[in-house]
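K.L.:
So that we are looking at the same thing, I have put the structure below in structure tokens.
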Amino acid sequence: MNLFAIYGNPVHHSKSPLMHNYAFQKLGVDACYTRILLEDGSSLKNDFFARKLQGANVTVPHKEAAFIACDEVRGFAKTVGVVNTLILEEGKLIGYNTDADGFMFAMQSFNAPIRSILVLGAGGTAKALVTKFLEESIDVTVINRSKKRLQAFTTLSCKTDTWDTFIPKSYDLVLNTTSAGLEDDALPAPIELLKQVCKNTRFAADAIYGKETPFLKLVKSYNLPNIDGEAMLVGQGVLANIHFTHNTFNPKEIEKHLFKALTF
Ligand code: NDP
């Protein structure tokens, strides 16, 4: 039996063991996926080999440590310097990042090309996603409550605004990457601004999962087709599972099992 795990601190809340174990069972893969509380990110590589893992996911706060631990880093992980998926390949530790590609995968459910995105928020999640969107030649505008974090996005050469300077245009997608609504009832921007955006946008997405945020409630009141953070979580899980099972299964089939697992 092959052993997989998720490393993090904290890690007790992670849904990854539930999702991957259910998918392994349904796909007939002889594997087991557990969670490992890791305090010191620099011990990640030794721990991975000591436990004889075949692969792993890595969550907060060890994604940068995972990048450093790898013998080889592939794809988008090289661009962002952050690894969330590890695979053992011929005795070497190989690193990938499936977070942003997972979101691209989740967006396929809109069944429409997404060419312009308004991103609300300018934190770590926004940075990884925006980097991916720009790589995919998507037109990106980032707006944030405060000016400081927008600097990094100006460097990436996308349009940036604070709430005060923002003049809404039309977008294919509005994406909330702020933590507004995670533990409170806050909207990610002033309501009048968001109403203007909703009137001129085709689809909406929220990175937060596990609850219906005030932002999601608002976009639903405008009948915007939407996905929440669960779709993003499942998307990264699908791509990680493809690495774990060496491209054996159809991504849509893996997705079906991961979504089902989240209903338990
Ligand atoms: P960061 O702390 O790096 O960034 C937070 C951002 O939210 C900043 O831009 C901040 O603005 C903004 N913000 C915070 N509170 C408010 C508010 N009340 N009103 C408006 N803006 C606010 O967070 P992350 O990027 O790491 O995570 C962001 C969200 O994404 C979290 O809710 C997290 O749960 C979710 N997430 C979901 C994932 C998934 O798989 N679905 C994966 C990763 C993250 P300012 O700069 O002004 O402070």
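Please treat every number below as a calculation from the coordinates, not as lab data. A quick note: this is a predicted structure, and the numbers were derived from the prediction, not measured. A quick note on method: Cβ atoms are made from the backbone with ideal geometry, for glycine too, and the neighbour counts reach across all protein chains shown.
K.L.:
Once you have a ≥ b ≥ c as the square roots of the Cα gyration tensor eigenvalues for the chain, tell me rounded if a/c is under 1.5, and otherwise prolate or oblate according to whether a/b is larger than b/c.
P.N.:
Details: a/c = 2.03, a/b = 1.64, b/c = 1.23.
Verdict is prolate for the chain.
K.L.:
At a Förster radius of 22 Å, what calculated FRET efficiency corresponds to the Cβ-Cβ distance of I191 and K148, to the nearest 0.05?
P.N.:
Values: r = 24 Å, r/R0 = 1.08.
Efficiency, from the Cβ-Cβ distance: 0.40.
K.L.:
Counting pairs on different chains as well as pairs 8 or more places apart, how many Lys pairs in the range 148-264 have Cα atoms under 27 Å apart?
P.N.:
28
K.L.:
Explain nothing, just the number: relative contact order of the range 137-211, from Cα pairs under 8 Å at least 6 residues apart, as a whole percent.
P.N.:
Relative contact order here is 29 percent.
K.L.:
Counting only residues 5 or more places away or on other chains, whose amide H sits under 5 Å from the amide H of V174 once H atoms are built in the peptide plane?
P.N.:
Long-range HN contacts for V174: L118, F203, A204, A205.
K.L.:
What FRET efficiency comes out for the pair K169/S137, r = Cβ-Cβ distance, R0 = 25 Å, nearest 0.05? Numbers along the way, then the final one.
P.N.:
Working: r = 18 Å, r/R0 = 0.71.
About 0.90, to the nearest 0.05.
K.L.:
Okay, moving on. What list of ³J(HN,Hα) couplings, whole Hz, do you get for the range 200-211 from phi and the Karplus terms 6.51, -1.76, 1.60, once you set θ to phi - 60° and write x for glycine and proline?
P.N.:
Per-residue couplings from phi come out as 10, 10, 8, 9, 9, 9, 10, 6, 6, 10, x, 7 Hz.
K.L.:
Here's another thing I want to ask about it. Report, in cubic angstrom per residue, the convex hull volume of the C-alpha atoms of the range 119-264.
P.N.:
Details: hull volume 19.0 nm³, N = 146.
Taking the convex hull of the Cα positions in the range 119-264, it is 130 Å³ per residue.
K.L.:
Quick one: Cα centre-to-centre distance for the range 24-58 and the range 117-169, in angstrom?
P.N.:
Here the two parts' Cα centres lie 34 Å apart.
K.L.:
Tell me, what is the FRET efficiency for Q108 and L27 to the nearest 0.05, using R0 = 30 angstrom and their Cβ-Cβ distance as r?
P.N.:
Working: r = 20 Å, r/R0 = 0.68.
Efficiency, rounded to the nearest 0.05: 0.90.
K.L.:
Can you check what the net charge comes to around L93, using other residues whose Cβ is under 10 Å from the Cβ of L93 (Lys, Arg +1; Asp, Glu -1)? Can you show the working numbers first?
P.N.:
Details: positive: K45, K92; negative: D71, E72, E89.
That works out to -1.
K.L.:
Between E253, E212, E183, where does the largest GNM mean-square fluctuation fall for the chain, given springs only between Cα atoms within less than 10 Å?
P.N.:
E183
K.L.:
What is the sum of charges, Lys and Arg at +1 and Asp and Glu at -1, for the other residues whose Cβ falls under 13 Å from the Cβ of E230?
P.N.:
-1
K.L.:
Please check: in the Gaussian network model of the chain (C-alpha springs, under 10 Å), which one of I68, I208, I167 has the largest mean-square fluctuation.
P.N.:
I167
K.L.:
Please give the charge dipole size of the chain, origin at the Cα centre, charges +1 on K and R Cβ atoms and -1 on D and E Cβ atoms. Round to the nearest 20 debye.
P.N.:
360 debye
K.L.:
Tell me the relative contact order for the range 112-264 as a rounded percent, counting alpha carbon contacts under 8 Å between residues six or more apart.
P.N.:
Working: 226 pairs, mean separation 26.9, N = 153.
It rounds to 18 percent for the range 112-264.
K.L.:
P(r) for the range 65-199: what percent of alpha-carbon pairs falls in each 5 Å bin, starting at zero?
P.N.:
The calculated distribution, bin by bin, is 2, 10, 18, 19, 18, 14, 9, 5, 3, 1, 0, 0.
K.L.:
How would you rank H246, H62, going from fewest to most other Cβ atoms within 10 Å of each one's own Cβ? List each step's numbers first, then the result.
P.N.:
On the way: H246 11, H62 24.
Final ranking by Cβ density, sparse to dense: H246, H62.
K.L.:
OK, next. Taking the Cα centroid of the range 65-88 and of the range 232-264, what is the distance between the two, rounded to the nearest whole Å?
P.N.:
Cα centroid of the range 65-88 versus Cα centroid of the range 232-264: 20 Å apart.
K.L.:
For the range 20-79, take N as its residue count and report Rg(C-alpha) divided by 2.2 N^0.38 Å. Walk me through the intermediate numbers first.
P.N.:
Values: Rg = 13.1 Å, N = 60, 2.2 N^0.38 = 10.4 Å.
Here the Cα radius of gyration is 1.25 times the empirical estimate.
K.L.:
May I have the convex hull volume per residue, in Å³, for the Cα set of the range 32-115? Don't skip to the end; give the middle numbers.
P.N.:
Numbers: hull volume 10.3 nm³, N = 84.
Once divided by residue count, the hull of the range 32-115 is 122 Å³.
K.L.:
Right, something else. Grab the other residues whose beta carbon is less than 14 angstrom from that of V82, score K and R as +1, D and E as -1, and report the net.
P.N.:
Details: positive: K63, R74, K78, K127, K132; negative: E64, D99, D101.
With Lys, Arg at +1 and Asp, Glu at -1, the neighbours total +2.
K.L.:
Quick one: of the DSSP bridges fully inside the chain, what percent are antiparallel, nearest 5?
P.N.:
Working: 8 of 41 bridges.
Roughly 20 percent of the DSSP beta bridges within the chain come out antiparallel.
K.L.:
Now, a different point. Can you put V219, V142 in order of Cβ neighbours within 10 angstrom, beginning with the fewest?
P.N.:
Working: V219 22, V142 28.
If I rank by nearby Cβ atoms, fewest first, I get V219, V142.
K.L.:
Moving on to the next point. Return the distance in nm (one decimal) between the two label points of a simple spin-label model at R51 and Y222, each offset 7 Å from Cα along Cα→Cβ.
P.N.:
Modelled inter-label distance: 4.3 nm.
K.L.:
Using label points projected 7 Å from each Cα along Cα→Cβ, tell me how many nm separate T34 and K78, to one decimal.
P.N.:
Placing both labels 7 Å along Cα→Cβ, they lie 3.4 nm apart.
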